[in-house]
Amino acid sequence: MGKDVLIIGGGIAGMEASAYLSAMGYQVTLVEKANELGGHLLRWERLFPTQRHGKEVLSFLHCGIDGKIRVIKNAEPVAAVTRDDLHIVTLSTGEVITANAVLITTGYKTFDASRKEEYGYGIYNNVVTSADLEEMFSSGKEMLTSSGIVPRRVGFIHCVGSRDEKVGNIYCSKVCCVTAVKQAIELKERLPYAEAFCFYMDLRMYGMHFEELYKEAQEKHGVQFIRGRLSEAAENQDHSLLIKVEDTLTGRPLKMKMDLLVLMVGFEPSDGTQKMAELFHLETGSTRFLKMADEHTSTNVSSVQGVFLAGTCSAPRTITSTITDARAAAAKITSYLSQYSIEQREN
Amino acid sequence: MKEEGKKKLWQEYQKEIADDRYFYVRSCVRQSFFPGAEQAFLKIMREELGKDVFEHACHTTCTGIAYHADVVPFDTTMTVVARQFSLMTESGYQNLVPSCITSFGVYTEILETWKHFPEVEAKVREFLFKATGRTFEIPKNLAHASDVIYKFRDSIASRAKYKLVNQQTGEPLRVVEHIGCHYAKMFPHKGIGGAEFPHVLIGMVESWGGEVIDYPERRHCCGFGFRQYLVQANRGYSVACSKKKFESMEPYMPDLIVTNCPGCPMFLDRWQYVIAEMENHTYGADKQGIPVLTFEEMAAMVLGYDPWEIGLQVHQIPVEPLMIKMGIPFDPGKKYLGKNSKDMGRPEIPDYLNYSGMKI
Amino acid sequence: MNFDPFIIPFSVGATFLFVWLFGKLFGWIYTLPKRDQKKLQRHVFSFRILRTFGEIVRECLLHFRLFRINALLGYMHASLAAGWFLLIIFGTVESKVQSGKAFNMPYDPIFYRFFNHAPAHTIQLQTLSFLMDTFLLLVLSAVVFAWFKRLRSKWFGMRRTTRQSRVDRVALTALWLVFPLRFLAESATGAIYGNGDFFTGILGRASESDAVFRMIEYPAWWAYSISLCGFFVLLPFSRYMHIPAEIILVTFRRAGIGHLRRFSAFADIEVESCSRCGVCIDTCQLQKDVDIREVLPVYFLRSIRERDTNEKGASKCLVCGKCAQACPVRIDVNNQRIVQREEFNSNKNFQPLHFEKAQYSGGGKIGYYAGCMTHLTPSIKLAMVKILLAAEADFVFLDQEGSLCCGRPMLLAGEFNGAAAIAMRNEKLIKDCGIETLITSCPICLKMFSEEYQLNIPVLHHSQYIEQILEENKITLNLNRSSYTYHDPCELGRGLGIYDAPRSILTKAGKLIEPDLVRKHAPCCGGSIGSVNLTHAEKKAVTTIAIGKYVETHADILVVSCPLCKKTFVGPNKIKVMDIAEIVADRCEK
Amino acid sequence: MSAKNFGFSIHKDRQIDYDKNYREFYYRVKAVEPSISLCISCGNCTATCSAGNFTSMNLRNVILLAARGEVNNLGDNVSACLLCGKCQLGCPRGVNTRNVVIAIRKELKIRRKP
């Protein structure tokens, strides 16, 4: 025991892995770029499928680490070398940390919606992303369009930046479908008289209780689902939007006016994740996420010995799955550092 | 609309446009649609801007119409285009400037194909050599005529006699810009401003004092679509496309439509008349139709060229109201006089266009 | 001539009532179709009318059916109805005997004691007087029971009793007052003149002073008359209209008059005949399982009567027919619902599109018609084909390529014209196949074929056919140790009275364990297409409770004989569900 | 003035213009039968439809078109329905399909009145 573990990225995965590894008796150092722990969870007001507050999960995560591990905020690794199974990492603060194992939990960033030019994000006044909407929700302010009216019709566009080879992202970001449903419900709770439409390619309600949430959206809140991918949005004179989709189930093009358009932005590897890939010479897969040593049996293992992965730096994940993954990584690191015999298995 | 957002986007789609020494290739159909347009371009380039623009007497069609109408195969098109390139090489030019958007699209497509499949280029070189004994060099710069005008838009503005401003009200004219589909929809990075928010015409209009309106069906095709128009029975589909655009732009009360493609101004102009005849609805604030100009005609008007010299009399929708708005003097009596003041006949005035109060 | 001003309220009330009733009766007969008028005429002037009288006595006076439900309930109704009836009859006799005249004033028997003070001096009058007191006691006992029923309805076999409307409550009060007041008035007169019999004489014998009775007597006769008047005037507007209406209903029904495909005189008589006894309330699964009260026939019929039909009551109902089979008046509630659905149907002239493409295969003596629903439970149709092959029947699978609907679902939804159009087309398609016997697996189709089609060939449910071939030894069943419990489908059981065929087959196949409620009391599975807008959750609740009773039998298999019931019961996945045809196909030996 | 004959006519727009459509229709039907909103367009109803065997009846499409306010051509489609209820048995979402049809028929009738 008494071995050192460096965890890079103080989001959900970093916090939960820190808690487990410190409980197991390792000296854990958690490095976070921002001045606050929590990562994306800081910005998600309510979580699917239960609508519980993001803050509750955050305080749960804090309970595991507060006062138990060393947290370095406002810092990020700038150099890394490996010597005799030891990773020597230099931080931007100048501090040098030596660790027996490094866990990368640098996570994801949301897709830059302005890259889907035809949707007009950053150009049309009333096109926002799911992250923007979440901020609108958590600000507690009245929901208004840029023209100052209460939106009467809101469209949620699924798969923005996901499953789209044209923007280089072939994968499904997993959480956007259910997030759209969750946000549509929240919107209807705030604005019961507004119409909410979800435009989807396939609805991927794969998680437990997700389908129930979808049904609730239809039944209780009257959210309407139109299968079709947004082709283009244009602005009307009153700053509302005219959107064009194919209603693929009727087989006809469809246009409708939207007061507010919400783009469900997908996951991309965060800048930090990309940087860590360079710094630690980690392989990335075709999706640009950090490559797992084996898709089934070594999901927390990177291509470099002693460097492990957890959370969304390796694939899009839900919060539930991120927490599970962080604990799995902790177990894997323990096994590695203790040289358990099961480490002898081959993939 | 957030202007800064658009500007940010435009910066990502800038292209290199040669400064001088252009090899100009004409459009097949423009000279019969709007005969003054290409002439105006040459005049502006040579006389106003002092540029070297060369036309080779032997150049031909790029086959674009036949290619898009599925009449000739791509191999034929490439070989014909290779011949154009060889004429350019022979004449000692490297910068290709097509007049036609479809030609521009065809050239772009061929150059991109050759870039990714050099064996195709080799094959075409062989075809051309076997057929004509010619060889060629790939153009160093390919820009559409509207790109070139865009590049010199500020020089033109500094020479302008008139502005795209309503003289009576002092308000900028409200301009609808229509970009030919083959300009950037296939290769967004080959167009100025990209495919979704092209800047090429907007740049000209704003530089010359006008205001561009962004209406919902801005991206929609004019309806030419080659096959759609060429078969008479399909024309109802073609006109429906234009109609969709007119209906979408009508609430914005545009003063004029400007285009950079040979087909679009033709259809946007003529279909207004057809719709007026068929459905008894004339567009435009005064029910006089919305004038449609090519970018060269617009430049020529701004520069104060004689409207009848640049062929404005062959427009179906009269341009006179626009000239009155801009304060451009014109002699109505000379409208239908051709070369050597010979009367060239006049069109039957469409029943449904409202000409009352118009000084013709 | 006997006269006193207090007879006026009674006479006015009675006159009003008779005028009203005869007006109503005339109206009903007038609006009958010609055909039905003829039927009525032929019935009234035939010996069959005697049997009608018999039923009227049995049901309107003695309430046999109510006795069968619960003895106390039966006694209460019978003692009131028959007691009052006898009071009127014997009162009339008594007054005629006393006066010695064949004709006297109609109110004479009502107020007999007031006008005749002399004690009964002949043996006849003494007997009559004794009987009159007996009947009054009988009626009063009914009133006491009626009060008691309000408090303890369970003793009368009813978990819930009807919530009364205001008119009903006033009429009820008037009715409840009539007999105590009569008792009081007669007792007072009896006490003064010393002529009361064993019952009405109680007060006189109990007290020496008649000053009090002199004070009470006259107002009591007034109150008696007024309460009678009140009851008579309210009768046409309250539940008590059922008393005269039921007599007419029995007569009409016996004459062969029935429901039309619209709200007819017959339907109106039925509606008026509902006494709101509330016997139907406990039978209704929607009321019990999902607490939908609007469907309860007692309230639904009242809403029709008030010309403010409850649409929910019309459309939510499962049309299972349990209420109708429980109804002591035998009101055809199912038809009432369907007729009302048609009233709400704004597309009365709706005609479905033509179905030229629909075609059935011909070429066999026996035609097997699976029906739409059976196509969703292919195991049933495969089993039937296997059985038919085993029986070496000359058969053809008519609708192998898909059925044109029989039309009953549309009929149940109140789209009569559409249903008729489909039925006509389907009938022709079946006839064109040239079969001699038609077998179907779907009780819904079976009911439609037997009641609405003119196929002129035997139409059998597959359970009936199987029973037949078992008897003819065309197939034999190998008995095994499985135990079965059987669910009676609504349309097959209550709808068509086919209860025995499936049971006879099952006893040959294994052990049959019956649940608590069987045959006409069997629950609806909840999947009925009879309901127009019962929600999925509501249906599920009905199904879950219904299946519970079968699970309790601990039988191995729940056997059904309707594809719809099978599909519905398979849902909760609590017991293995099989159609009777599948059981037979499994155990069938040549 | 009679329209000139150009040898062709202007094509009708096939696009569903949701804003111009009779959107109220769907909400009226939904008020009568709320389960219509649960439809997920799986097509189970259409696949099993007795009427669909012989006609172009397509309940999935009917519900969709109703939701889009495209009511002009619904009549022929729902007219074919026999209300047999097979669709209701299959529906994985528990949509009360028969009543959806009945409600649509009623609404169409109401709307046809001037």
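The values are calculated or read from the model by the stated rules, or taken from the named source; none is laboratory data. Quick caveat: nothing in here was measured; it's all calculated off a predicted structure. Cβ atoms come from the backbone with ideal geometry, glycine included; neighbour counts cover every protein chain shown. The accessibility values were calculated without ligands, DNA or RNA, using every heavy atom of the protein model including side chains. Shrake-Rupley method; radii C 1.70, N 1.55, O 1.52, S 1.80 Å.
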request  = Give the shape of segment C:431-590 as rounded, prolate or oblate, defined through the alpha-carbon gyration tensor: a ≥ b ≥ c are the square roots of its eigenvalues, a/c under 1.5 means rounded, and otherwise the shape is prolate if a/b is larger than b/c and oblate if not.
outcome  = oblate
key: Prolate/oblate/rounded call for segment B:160-334, Cα gyration tensor, a/c under 1.5 rounded   = oblate
Top of A:66, A:247, A:84 by mean-square fluctuation, Gaussian network on chain A, Cα under 10 Å = A:84
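Give the dimensionless ratio obtained when the Cα radius of gyration of segment B:220-281 is divided by 2.2 N^0.38 Å. Mind showing how you got there, number by number?
Values: Rg = 11.3 Å, N = 62, 2.2 N^0.38 = 10.6 Å.
After normalising by residue count via 2.2 N^0.38 Å, the value is 1.07.
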key: Accessible area expressed per residue, segment A:1-157, with surrounding protein chains retained (probe 1.4 Å, Å²)   = 42
query = What FRET efficiency comes out for the pair residue C:521/residue C:574, r = Cβ-Cβ distance, R0 = 25 Å, nearest 0.05?
reply = 0.75
note = Taking r as the C-beta separation of residue B:137 and residue A:88 and R0 as 45 Å, the FRET efficiency to the nearest 0.05 is 0.20
ask   = In Å², nearest 100, what accessible area do chains A and D bury in total when the solvent probe is 1.4 Å?
value = 2100
request  = Provide a whole-number value for the mean count of partner chain Cβ atoms within 10 Å of the Cβ atoms in peptide C:390-403.
outcome  = 1
note = iface D-C | buried accessible area, total | probe 1.4 Å | Å², round 100 | 2600
message = List, by residue number, every residue in segment B:189-206 with a reduction of 10 Å² or greater in accessible area between the chain on its own and the complete protein assembly, 1.4 Å probe.
response = B:196, B:197
key: With every protein chain in place, segment C:84-158: carbon and sulfur % of accessible area (1.4 Å)   = 73
task = Specify the longest stretch of chain B that does not include any exposed loop site, a site being one of the GluC sites (Glu not before Pro) with a non-H, G, I, E, B DSSP assignment and at most 12 other Cβ atoms within 10 Å.
result = B:138-347
message = With a 10 Å cut-off between alpha carbons and a GNM built on chain A, which of A:326, A:310, A:217 moves the most?
response = A:217
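Expressed as a whole percentage, what fraction of the accessible surface of segment B:160-334 belongs to carbon and sulfur atoms when a 1.4 Å probe is rolled over the protein heavy atoms?
Values: 2740 of 5420 Å².
Its accessible area is 51 percent carbon and sulfur atoms.
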key: Qualifying trypsin sites (Lys or Arg not before Pro) in segment A:220-249, DSSP loop, other Cβ atoms within 10 Å at most 15   = A:220
request  = For segment D:51-114, calculate the relative contact order in percent as a whole number, restricting contacts to Cα pairs under 8 Å that are 6 or more residues apart.
outcome  = 28
For q = 0.18 Å⁻¹, Debye-computed log10 I/I(0) when each Cα of segment C:359-425 counts as one equal scatterer = -0.73
remark   = For segment B:63-113, the percent of accessible surface on carbon and sulfur atoms (probe 1.4 angstrom, ligands and nucleic acids excluded) is 55
inquiry  = Bin width 20 Å, origin at 0, all Cα-Cα pairs of chain B: what percent of pairs per bin?
reply    = 29, 59, 12, 0
ask   = Tell me, what is the FRET efficiency for residue C:291 and residue D:12 to the nearest 0.05, using R0 = 51 angstrom and their Cβ-Cβ distance as r?
value = 0.50
task = Over the residues of segment A:90-163, compute the C-alpha Rg and express it relative to 2.2 N^0.38 Å.
result = 1.69
inquiry  = Loop only by DSSP, 16 or fewer other Cβ within 10 Å of the Cβ. Give me the GluC sites (Glu not before Pro) in segment C:324-433 that pass, ordered by residue number.
reply    = C:356, C:392, C:401
query = In segment A:102-211, which chymotrypsin sites (Phe, Trp or Tyr not before Pro) fall in coil by DSSP and have 14 or fewer other Cβ atoms within 10 Å?
reply = A:193, A:206
key: Assigned charges on the beta-carbon of Lys, Arg, Asp, Glu; chain A dipole about Cα centre (debye)   = 400
Set of aspartates and glutamates with alpha-carbon distance to residue C:447 below 13 Å, sequence-local pairs under 8 removed = C:491
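At 1.4 Å probe size, with every protein chain present, just tell me what the per residue accessible area of chain C comes to in Å².
Normalised by residue count, the accessible surface of chain C is 42 Å².
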message = Am I reading the D/B interface right? What is its buried accessible area, both sides, 1.4 Å probe, to the nearest 100 Å²?
response = 1400
query = Taking the inverse of the average 1/r across all pairs of different Cα atoms in the protein assembly as shown, what Kirkwood radius in Å do you get?
reply = 40.5
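If you scale each eigenvalue of the Cα gyration tensor by 5 and take the root, what three semi-axes come out for segment B:22-145, rounded to whole angstrom and sorted largest first? Please list the in-between numbers first.
Details: eigenvalues 121, 56, 30 Å².
Largest first, segment B:22-145 gives 25, 17, 12 Å.
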query = How large is the charge dipole for segment B:160-334, taken about the Cα centre, if only the Cβ atoms of Lys, Arg (+1) and Asp, Glu (-1) carry charge, to the nearest 20 debye?
reply = 520
ask   = Which pairs break 32 Å Cα to Cα here: B:51/B:335; A:174/D:106; B:163/B:244; B:163/D:20; C:474/C:576; A:141/A:220?
value = A:174/D:106; B:163/D:20
task = Return the inverse of the average 1/r over all pairs of distinct C-alpha atoms in chain A, which is the Kirkwood hydrodynamic radius, in Å to one decimal.
result = 21.3
query = Under a point spin-label approximation (7 Å from Cα along Cα-to-Cβ), what is the residue C:400-residue B:32 distance to one decimal in nm?
reply = 6.5
remark   = Across all Cα atoms of segment C:455-523, Rg and the largest Cα-Cα distance (Dmax), in Å, are 13.0, 41
note = GNM on chain B, Cα springs under 10 Å; top mean-square fluctuation among B:100, B:264, B:221 goes to B:221
message = How would segment C:38-128 be classified by its alpha-carbon gyration tensor: rounded, prolate or oblate, with rounded meaning a/c under 1.5 and the a/b versus b/c comparison settling the rest?
response = oblate
message = How compact is chain C by the rule of thumb for globular proteins, expressed as Cα Rg over 2.2 N^0.38 Å?
response = 1.18
key: Accessible area of segment B:160-334 divided out per residue, in Å², using a probe of 1.4 angstrom   = 31
ask   = Under the rule of -39500 (n - 2.57) per DSSP H run of 4 or more residues, summed and divided by the residues of the protein assembly as shown, what mean residue ellipticity at 222 nm is obtained, to the nearest 500 deg cm²/dmol?
value = -13500 deg cm²/dmol
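Would you mind telling me the antiparallel percentage of the DSSP bridges in the protein assembly as shown, rounded to 5?
The answer is about 35 percent antiparallel.
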query = On the first, second and third principal axes, largest extent first, how far apart are the outermost C-alpha atoms of segment D:4-114 in Å?
reply = 56, 30, 26
request  = Between residue C:420 and residue B:324, with labels modelled 7 Å along Cα→Cβ, what's the label distance in nm to one decimal, could you check?
outcome  = 7.0
query = Using the alpha-carbon atoms, what tilt in degrees (0 to 90, nearest 10) does helix A:12-23 show relative to the longest principal axis of chain A?
reply = 30
